[in-house]
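As C-alpha cells, the structure follows; a few thoughts come after it.
The values are calculated or read from the model by the stated rules, or taken from the named source; none is laboratory data. Computed from a predicted structure; not experimentally measured. No Cβ is skipped: glycine too gets one built from the backbone with ideal geometry, and neighbour counts run over all protein chains shown. Protein only, heavy atoms only, side chains kept; ligands, DNA and RNA dropped before computing areas. Shrake-Rupley method; radii C 1.70, N 1.55, O 1.52, S 1.80 Å.
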Amino acid sequence: MYVETFWWRRRCFVMNTTTSSASYIEKIGMVDPDSSTKHDLYTTFWVESNGDIFLVRVYFRAYQALGAEDIEVYQMDTSKYIWRRVDSIGGATFFLGAKNCVAMSSQVGGTLADCIYLLLFSYDGIRLYSIRLDDWTISFVLVPACTADPDDDWAGTWYNLFWVIPPSYCQEPTKSLSTITSKINKNAVLMEDKEQIASPWSRLPVELIELLIPKLSFVDYLRTRAVCKEWSLIDKPIQHARAHPMLMSIYATSGGMCRFYDPMVEKEYIVKDCMPLHGNWQTLRFSKYGWVLATKGNRCIYAANPFTKEVCKLPKMDPQWFNGISFSSVPKSPDCIIFAIRKYPCQNSVNIMLWRAGDNRWTKKELLCDDLFRMARSNPVFFDNEFYCLGIHGNLGVFNPNEMSWRVLDKPEPVRDIGDRFCHLIEFKGDLIAVFRPYDANPIDIFKLDRSHMSWEKVLRLDDAVLFLDNQNATIKSSQEYGCHNRIYLPFFGSSEAEDRKASAFYDLEDGQYKPEFYGLIEPMNSLWIEPNFNRHP
C-alpha cells in the first residue's frame, strides 16, 4: 500500500500488508520530482493503473483563477522508489477530481487512450478538462448546471464531486485508434509511392526547382518538399516569402518534430528536425525575429531559428523560475542582450539574469523593488534601449541594461484592480500597448500608452493591426501586411468537419465575440506564435 503524506518533499511511505502478521512500514521518504521553472502553482494527484502508480502534476495559471495550463506525468519506479517522467499512461484513461481519482483501460471502457479528464473550479463555474498526452493539447467545457453564479460556492461543490464508473460500463476490446491510423498511413504511403513512380515531377532537375524556392511562401515550400524524395532534400532558404505568424508547438511524443499552425489557411504542418531537440521536455519561452528561446529542464537554455536551423548556444542558467524572458535583437547579432526577470508577490526585490553576446556565463543581480509592484507572468519588451515589464495592474517596471538599474514608474497609474488575467506588453509603431486577456469568455481589454501624459488610453479597435496572443508572448502585424484587422488571434483552434483543417480561433473586436465559441477550443500546451524568418544570420 502506497500512502501519500504532506511532509515537505517527503511525500510517501510504503506499508507492507502481504504478511500474515500486522502491517508494518517498509519504506519511508520518497522525494517529489522537481517542479517546472515555468510555473509556481500546482497540485498533484496519485493514480493507480494496472498495477502501476502515477503522479499527475497539474499547473495553474494564477492564484485566484484555478485554470489548468500545463501537466507533467510521472511513474513510480518501485525498484528504487523514485519518480520517472513519462509521456504516456499506458493507453489508459484517468479521471481526476478533488477527492478521488479513477483509471480504466481505454479498450475496456471505449474511452480515449492516453487522455486525462480533470474536474476543476474556476471563475466561470466547474470545468471539465480534457488533456490529451498523444498530441499534448488541452481543452475544457463547463459542467452543465455548474456555470458561474456569484451566490454559489463552486469550490465547495467541486470538492464534493466524485468520479464513479459503474461495473457494467465496459465493452469488448476494440482496435485502438492508433492501430487503425497506422494502417491508413501505411496504405497512404504505398499509394504515394505508386503515384511517384508514375509521376514525372521527380525527373525535373533539382537545380531548376531551387531557382523557384526563394519566391515561395512557407506553406508552398513545405508542399514542394513533399512532392518526392529528391525534392525533400532541398535546403535552400526562402528569402522573399510573405510570411505570417504561425502557432509553433513541440511536445514530448513528437519525436523531434515541430508543429506549425497557419491561421490563414487553417492547417497544421509537421516539420522534422527544425529544432535541436536532444531529449524530451523542452519548453518554448519567447519568440521574436523568427527566433525562439527554449529551455530544457531547470538549467539548459538555447536560441534557435527553426526555419534556417541556426542555433545560438547559451550558458546554463541557475535553476529558478522567472516571470519573463526576452532578447533585444537576433541572438546571433553582436549586440544581443537576453534578459530574464523574477519577482515573487510581496517580495521587495527583483532578481535579474542577463546575458550579452560573447559572455561565458549569466550575470545575476538582485535589485530593490517596491513590494506593491506585482509583476505579470509576461515577457518584457525591449523599447528605447531598456526592458519594460508589465505589472498585473497595468503599471510598468523598467530595467536599464547599461546601468544595471531597476525602477518602477510612478506613471502610468494602474488600470485594473485584479490581476488574474493573461497580461501582455508589446511595441507597435513606436507605442507601447498593454493587453489583458481573461481566463474565461469575457472581453479582452487593450490600452495604448500616451507618452505625453504617461497614461493608458483604452483602445476599442485595431483598424491598422492584427494581434496574436499566446500565454506569455504577443505579436502584432500591420493590417496591410496581414490582410485583416480588428482581430486578436489566440493560441487555440476549433474542431472542423474536414480532417486536415482546424478552425482558427480569434476575438473579434467588431462585435466583441470569440469565434468559434470559447468553450471547447483546443490549445497546444507548449506553444507560441512565431513569425517565419528564412534569412540566415552571418
*Residues that are at pLDDT 70 or above: which helices (runs of 4 or more DSSP H) entirely in segment 185-297 hold 2 or more of them?*
206-212, 218-225
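Quick one: which residue in D124, D87 is closer than 29 Å to M248 by Cβ, of a type outside the set (K, R) and open to solvent by less than 30 Å² (accessible area, probe 1.4 Å)? Show your work before the answer.
Working: D87 fails: open to solvent by less than 30 Å² (accessible area, probe 1.4 Å).
None of the other options fit; the residue is D124.
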_Residue check for I476: open to solvent by less than 20 Å² (accessible area, probe 1.4 Å), part of a strand (DSSP E or B) and β-branched (V, I, T)_ = no
*Check off (1) under 21 Å from the mean Cα position of the chain (by Cα); (2) under 25 Å from D220 (Cα atoms) for P516 and give me the number that stays unchecked.*
(2)
*Hey, does segment 363-370 have a residue that's among the hydrophobic types (A, V, I, L, M, F, W, C) and open to solvent by less than 10 Å² (accessible area, probe 1.4 Å)?*
no
*Out of all the residues in segment 371-384, which are free of Cβ contacts under 8 Å to residues at least 40 places away in the same chain and open to solvent by 80 Å² or more (accessible area, probe 1.4 Å)?*
L372, D384
*Might you check whether a residue that is open to solvent by 70 Å² or more (accessible area, probe 1.4 Å), at pLDDT 80 or above, out of contact with any Gly (no Cβ under 9 Å at 6 or more places or on another chain) and closer than 26 Å to S495 by Cβ occurs anywhere in segment 136-156?*
yes
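Just need a number here: residues in segment 441-458 that are closer than 26 Å to F286 by Cβ and either exposed (fewer than 14 other Cβ atoms within 10 Å of the Cβ) or not hydrophobic (A, V, I, L, M, F, W, C) (or both).
Summing the residues that are closer than 26 Å to F286 by Cβ and either exposed (fewer than 14 other Cβ atoms within 10 Å of the Cβ) or not hydrophobic (A, V, I, L, M, F, W, C) (or both) in segment 441-458 gives 3.
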*Check segment 427-439 and report whether any residue there is over 27 Å from the mean Cα position of the chain (by Cα) and open to solvent by less than 10 Å² (accessible area, probe 1.4 Å).*
no
*Can you name the residue in segment 90-111 that is part of a loop (DSSP other than H, G, I, E, B) and open to solvent by 60 Å² or more (accessible area, probe 1.4 Å) and, of all such residues, is modelled with the lowest pLDDT?*
K99
*Failed item in (1) at pLDDT below 60; (2) in a loop (DSSP other than H, G, I, E, B), with E26 passing the rest*: (2)
*Of the numbered conditions (1) closer than 27 Å to N160 by Cα; (2) modelled with pLDDT of 85 or more; (3) open to solvent by 30 Å² or more (accessible area, probe 1.4 Å), V58 fails exactly one; give the number of that condition.*
(3)
*Counting only residues that are open to solvent by less than 30 Å² (accessible area, probe 1.4 Å) and either among the aliphatic types (A, V, I, L, M) or under 30 Å from V330 (Cα atoms) (or both), how many does segment 508-536 have?*
12
